[in-house]
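What follows is a single structure, written as structure tokens, with notes after it.
Bear in mind that the values in this text are calculations on the coordinates, not laboratory data. The structure displayed is predicted, hence computed values, not measured ones. Cβ: placed from backbone, ideal geometry, glycine included. Neighbour counts: every protein chain shown.
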């Protein structure tokens, strides 16, 4: 009889942990299975000593959204408007991703903010294509 309380508490703790893991797995599979999603590490530019924040980026109609991998948040951690996003530089690294694709360091400017993205070469090609396929900003067409 004395073990009933601790066993119930342990069972509740295990059930809570299983629920959190299920939510995390569900979020990750939902984000990574969307059309237009790709793995993307992110860090602010000028802070090369800072570690990469691993995440999943997704092309929306007029913006690029980025979610952290280690999070349960239903909202993206960062959002970049297509009309304000510019790819400044691409640097090919000697590393490959989990699929064997070469990795690129892409320096970007969004408005007044700068950041770096670590993405695969095919994801970079998709990002460039997505940026170029957007509507032209008014006033820039000759």
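What the table shows:
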{"item": "Rel. contact order, % - alpha carbon contacts under 8 angstrom, at least six apart, region 36-132", "result": "24"}
{"item": "Kirkwood hydrodynamic radius over Cα pairs of region 36-132, then Stokes diffusion coefficient at 37 °C and 0.692 mPa s, in µm²/s", "result": "242"}
{"item": "Estimated inter-spin distance, residue 54 and residue 93, nm [label 7 Å along Cα→Cβ]", "result": "1.2"}
{"item": "Virtual spin-label span in nm between residue 44 and residue 101, 7 Å along Cα→Cβ", "result": "2.9"}
{"item": "By average C-beta atoms within 10 angstrom, highest first, the peptides 92-100, 67-75, 105-113", "result": "105-113, 67-75, 92-100"}
{"item": "Pairwise label distance in nanometres, residue 28 with residue 121, each label 7 Å out on the Cα-Cβ vector", "result": "2.8"}
{"item": "Calculated FRET value between residue 114 and residue 71, using beta carbons and R₀ = 25 Å, to 0.05", "result": "0.60"}
